[in-house]
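The next block holds one structure in the form of structure tokens; read it before the comments.
The values are calculated or read from the model by the stated rules, or taken from the named source; none is laboratory data. These figures come from a predicted structure and were not determined experimentally. Using ideal geometry, Cβ is built from the backbone for each residue, glycine included, and neighbour counts are taken over all protein chains shown. Each accessible area value is taken on the protein alone, full model and side chains, heavy atoms only, with ligands, DNA and RNA left out. Shrake-Rupley method; radii C 1.70, N 1.55, O 1.52, S 1.80 Å.
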Amino acid sequence: MLKTLIAATLLVSLGTSANIVQDAPLVSIDTHDAYFSSLKALCGKAFAGKIAVDNPPAPGFEGALIMHVRKCTDSQLQIPFHVGDDHSRTWIITKTGSGLTLKHDHRNADGSHDEQTMYGGQTLDAGWANAQSFHADQYSKELFTARGIPQSNTNIWQMFIYPEKFSYRLIREGREFRVDFDLTQSVALPPTPWGYAD
């Protein structure tokens, strides 16, 4: 991408008559690209998980835990997170040109949006090819405050991907939650998440 921009600049500076018309580039850095590509390589597969840390324990995660890397483009990954018969959660990771964002799309059983949806955060640094941290964004902070859970304003979500394991982790003062998914064997695909269609 950088070479393309330099070449275009040289053409203009040399006074050539060529007119370059192209979309603005969606820029990215190597660690974000490598991380995104590793997740994208799992597209179409589902994996079983187990709660590794839940401190203090919180309800709502009873039943089989399944992540499904369901839909992938060059700029977005949609990963439903199924909890038993609850198909309400979809993680959405997007390249923005300023890093990566993680959003949590929460739906009701009829497909409508939950009152608490699309919260999440963004990367603030390069991270690593196998690990990224997403710090709560302003929309999420205002949503959490309005919902009476301002303690969530300091949420940091982390996602780790290794050859044999994917981990989803939430941390803030006084709270840690982590689910580890076994990437060594895929499982049967779960149902379509609520609010989505094939």
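So the values come out like this:
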{"read-out": "Tally of residues being open to solvent by 40 Å² or more (accessible area, probe 1.4 Å), under 14 Å from Arg89 (Cβ atoms) and over 20 Å from the mean Cα position of the chain (by Cα) across region 41-61", "value": "0"}
{"read-out": "Identity of the residue in region 143-198, among the acidic types (Asp, Glu) and in contact (Cβ under 8 Å) with a residue 24 or more places away in the chain, that ends up surrounded by the most Cβ atoms within 10 Å (Cβ to Cβ)", "value": "Asp180"}
{"read-out": "Condition met for Lys103 (among the basic types (Lys, Arg) and open to solvent by less than 50 Å² (accessible area, probe 1.4 Å))", "value": "yes"}
{"read-out": "Exclusive hit being at pLDDT 95 or above, surrounded by fewer than 21 Cβ atoms within 10 Å (Cβ to Cβ) and in contact with a helix residue (DSSP H, G or I) (Cβ under 9 Å, 6 or more places away or on another chain), set Gln76, Gln116", "value": "Gln116"}
